[in-house]
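Asks: First the structure, then my questions, so here it is.
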Amino acid sequence: MGWSFKIGRIFGIDMKVHFTFALILVWGAMNYGGSAGPLYGVLVTLSLFTLVLLHELGHSMAARYYGIPTKDITLLPIGGVARLEKMPDKPIQELVVALAGPAVNVVIALFLLPVVAMFYFAQSTSFSFGSLAQPGVPGLLTFLLSANIMLVIFNMIPAFPLDGGRVFRATVALFTDYAKATNIAVQVGRVFAIGLGIFGIFTGQIFMALIAFFIFMAGGQEGQAVAVRSALKGVQARHALSGNNTALSPHATVGQVASMMLANPQPHFAVLDPLSGEFLGVATGQNVSAAMQQGLWHRRITDIMHHAQNIPRIALNTSLMEAQDKLAATSSQVVAVYDDLHFKGVITANDIYRIF
């Protein structure tokens, strides 16, 4: 996610913070500090987002169980986002992954409940909402207990893409196809988001209105992404191959390839062995441009190309949805297409977009 910086790594997953997170720290310092001062407010805010981080780790660990790695977890002023390499293929898997986050908060709440009760019993006082704002250990623990409960309640609202919306989508997908289930979940989620936004505006809770806006937009975007994947699922890689692509000899120089690129709109050139036809790699416009800026006109193209062993491979009958996943998972610009052991060409994200 853009405008984010890494703060650590847990269970092999990069932890990131968006630069706008500083806004929530300032807001927390002013609203949670009370008589203890702004530093206590920052501590409360950081404790709250630790719960959010653990929530996202719950999703990530459940996804890992199904063989789905997590790219990173990013903390934003409105919560956290765990970016999975892909969504679970089966509804029951998505159901488990969606419930894993709130389940973490339930476990934390069950742990905090007797601890908080012990503090109140020791002080011979009864619980009150006023104690949430009281500085000190009892007040902080009470706040975290209530925050866990609210995180579970809020996330289980059936507004896609919140956890509750994903649970709703997975449940519907048990009885219909995934794309239709997603469309239903998006529409229901947008109704909830509009209601939440109106409530936030009329009660002066702008933060809630911003969350509603995020739910509305994010749900629609993910719905569109699922629709694209559904369309690409029935199209094979062979249909995205262009029949008039020019291949390069490994003896070609950077200058020669640069001239070819000026006269040919083709953005990527496969490099093939002229005798065996073996696929050696791919020269991209970016590679060639960088080499020209460095004055490497006379270097062979094999010195600057992306070598074949670093380029993902797929079969000729692989779906374009899988090809898209390969590109995303490997951060590669191209994927090589083979018919058994015979190289047939390369596919880029633009090729997939053209077919769609």
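The values are calculated or read from the model by the stated rules, or taken from the named source; none is laboratory data. Note that this is a predicted model, so its numbers are computed, not measured. Virtual Cβ from ideal backbone geometry, glycine too; neighbours counted across all protein chains shown. Protein only, heavy atoms only, side chains kept; ligands, DNA and RNA dropped before computing areas. Shrake-Rupley method; radii C 1.70, N 1.55, O 1.52, S 1.80 Å.
Asks: Given 89, 72, which one is over 19 Å from residue 152 (Cβ atoms) and assigned to a strand (DSSP E or B)?
Replies: Of 89, 72, the one residue that is over 19 Å from residue 152 (Cβ atoms) and assigned to a strand (DSSP E or B) is 72.
Asks: Under 8 Å between Cβ atoms, at least 6 apart or on separate chains: pull out the pairs that start in the range 14-37 with a residue that is hydroxyl-bearing (Ser, Thr, Tyr) and end on any residue that is in a loop (DSSP other than H, G, I, E, B).
Replies: 20/3; 20/77; 35/135
Asks: May I pose another question? Would you check which residues across the range 39-97 are over 18 Å from the mean Cα position of the chain (by Cα) and of a type in the set (Ser, Thr, Tyr) and list them?
Replies: Once the filter is applied, which keeps residues that are over 18 Å from the mean Cα position of the chain (by Cα) and of a type in the set (Ser, Thr, Tyr), the range 39-97 yields 40, 45, 47, 50.
Asks: What is the residue count in the range 33-69 for residues that are assigned to a loop (DSSP other than H, G, I, E, B) and either crowded, with 21+ Cβ neighbours inside 10 Å or of a type in the set (A, V, I, L, M) (or both)?
Replies: Of the residues in that region, 1 qualify.
Asks: Within the range 153-267, considering only helices (runs of 4 or more DSSP H) that don't extend past its boundaries, which have at least 3 residues that are within 26 Å of the chain's Cα centre (by Cα)?
Replies: Counting at least 3 such residues, we get 163-173, 178-202, 206-233.
Asks: Any idea which of 226, 282, 257 is in contact with a strand residue (DSSP E or B) (Cβ under 7 Å, 6 or more places away or on another chain), more than 20 Å from residue 309 (Cα to Cα) and at pLDDT 80 or above?
Replies: After ruling out the rest, the residue left standing is 257.
Asks: Would you call residue 81 assigned to a strand (DSSP E or B), surrounded by 14 or more Cβ atoms within 10 Å (Cβ to Cβ), at pLDDT 85 or above and among the β-branched types (Val, Ile, Thr)?
Replies: So residue 81 fits the description; yes.
Asks: In the range 208-221, what residues are farther than 14 Å from residue 188 by Cα and either small (Gly, Ala, Ser) or in contact with a Pro (Cβ under 8 Å, 6 or more places away or on another chain) (or both)?
Replies: Once the filter is applied, which keeps residues that are farther than 14 Å from residue 188 by Cα and either small (Gly, Ala, Ser) or in contact with a Pro (Cβ under 8 Å, 6 or more places away or on another chain) (or both), the range 208-221 yields only 209.
Asks: Let me spell it out: the conditions are (1) open to solvent by less than 90 Å² (accessible area, probe 1.4 Å); (2) more than 30 Å from residue 231 (Cα to Cα); (3) of a type in the set (S, T, N, Q), and residue 284 meets all of them except one. Which number is the exception?
Replies: Answer for residue 284: the failing condition is (2).
Asks: Please find, within the range 84-97, the residue that is most open to solvent (accessible area, probe 1.4 Å) out of those that are farther than 23 Å from residue 18 by Cβ and touching a residue at least 12 places away in the same chain (Cβ under 8 Å).
Replies: Among them, the one singled out is 92.
Asks: Turning to a different aspect of this structure: Considering every residue within the range 333-340, establish whether at least one is in contact (Cβ under 8 Å) with a residue 40 or more places away in the chain, outside any strand (DSSP E or B) and on the phi < 0 side of the Ramachandran plot.
Replies: yes
Asks: Mind telling me which of the residues 315, 270, 263 ends up being at negative phi, touching a Phe, Trp or Tyr at 6+ places or on another chain (Cβ under 7 Å), small (Gly, Ala, Ser) and open to solvent by 30 Å² or more (accessible area, probe 1.4 Å)?
Replies: It is 315.
Asks: Considering the range 274-305 alone, what residues qualify as being assigned to a loop (DSSP other than H, G, I, E, B) and in contact (Cβ under 8 Å) with a residue 40 or more places away in the chain?
Replies: 277, 278, 296, 297, 298, 299, 304
Asks: Right, here's the next one. Within the range 322-344, track down each residue that is closer than 22 Å to residue 248 by Cβ, out of contact with any Lys or Arg (no Cβ under 9 Å at 6 or more places or on another chain), open to solvent by 60 Å² or more (accessible area, probe 1.4 Å) and not polar (S, T, N, Q).
Replies: 341, 342
Asks: Got at least one residue in the range 290-312 being among the aromatic types (Phe, Trp, Tyr), open to solvent by 70 Å² or more (accessible area, probe 1.4 Å) and over 28 Å from the mean Cα position of the chain (by Cα)?
Replies: yes
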